[in-house]
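The values are calculated or read from the model by the stated rules, or taken from the named source; none is laboratory data. It should be emphasised that the depicted structure is a prediction, and the values quoted were computed from it without experimental measurement. As a convention, Cβ positions derive from the backbone with ideal geometry for all residues, glycine included, and neighbour counts pool all protein chains shown.
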């Protein structure tokens, strides 16, 4: 469940919203507001509409609102990491921040993501509000992903480890801008990655195809030492050859023995 306010002495929505912000709570639910303030549904709608018009609150999902502090009134939106934990608790969905957003939190900020990326266990509708976009990805082996807790303005949020982030970037490469962008991010993310932890993450995920593509990209990006043990792991399993870009045919593609890949496309990072 989302976090609760400690006290609720205010009897009007603006004052109640102010009191929540003073407690470090930058969200509220319709049900909580109506119950606490003893509003009718109609009275709540009118009060919420007035605050929304003043850019004091913003509805993210049906029944879930975020507070907009003064410093964000111009944009009218709050950074997603401030409220993502409470939103996912409201949706009753496990989650971790992943992909480009995780890479950015780990320091790979060369290409700032235009969307906030969240990985969970079931499909969710994308959130698009003013300058805010939250995109949800889901995968069946969600619990196998190594995560770390990163401190943000409102507490700590689970973020995929640098190594797990790298694997996810390969898994969802087409959805985040293709292999060129993936390689650019990996070139920066590599600075925070650990070879032993990468092996652990690959074993936990159990996806050798992603590992094959990741190894080739990391090596091409100048990080051969980081994936030396990964190459040994691949050789030990001796998986079938697969295409570097699964959306393209392998006809006339170069064969890479080390990573057991058909190099069926040219990949260039920006760094």
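Note on region 102-121: residues that are at pLDDT 95 or above and surrounded by fewer than 17 Cβ atoms within 10 Å (Cβ to Cβ) total 1. Filtering 31, 41 for residues that are touching a helix residue (DSSP H, G or I) at 6+ places or on another chain (Cβ under 8 Å) and surrounded by fewer than 13 Cβ atoms within 10 Å (Cβ to Cβ) leaves a single hit, 41.
Does residue 24 count as over 12 Å from the mean Cα position of the chain (by Cα), within 26 Å of residue 149 (Cβ to Cβ), part of a loop (DSSP other than H, G, I, E, B) and not assigned by TED's automatic domain parsing to the domain that holds residue 168?
Numbers: over 12 Å from the mean Cα position of the chain (by Cα): yes; within 26 Å of residue 149 (Cβ to Cβ): yes; part of a loop (DSSP other than H, G, I, E, B): yes; not assigned by TED's automatic domain parsing to the domain that holds residue 168: yes.
Judged against the criteria, residue 24 is a match.
Can you name the residue in region 77-101 that is more than 14 Å from residue 127 (Cβ to Cβ) and without any contact (Cβ under 8 Å) to a residue 60 or more places away in the chain and, of all such residues, is surrounded by the fewest Cβ atoms within 10 Å (Cβ to Cβ)? The qualifying residue surrounded by the fewest Cβ atoms within 10 Å (Cβ to Cβ) is 92. Sort out which residues of region 141-175 are part of a strand (DSSP E or B), at pLDDT below 95 and buried (at least 17 other Cβ atoms within 10 Å of the Cβ), and write them in order of number. Listed by number, the list holds a single entry, 152.
Which condition does residue 71 not pass, out of (1) in the same structural domain as residue 18 (by TED's automatic domain parsing); (2) in a strand (DSSP E or B), if it passes all the others? Single failed check for residue 71: (2).
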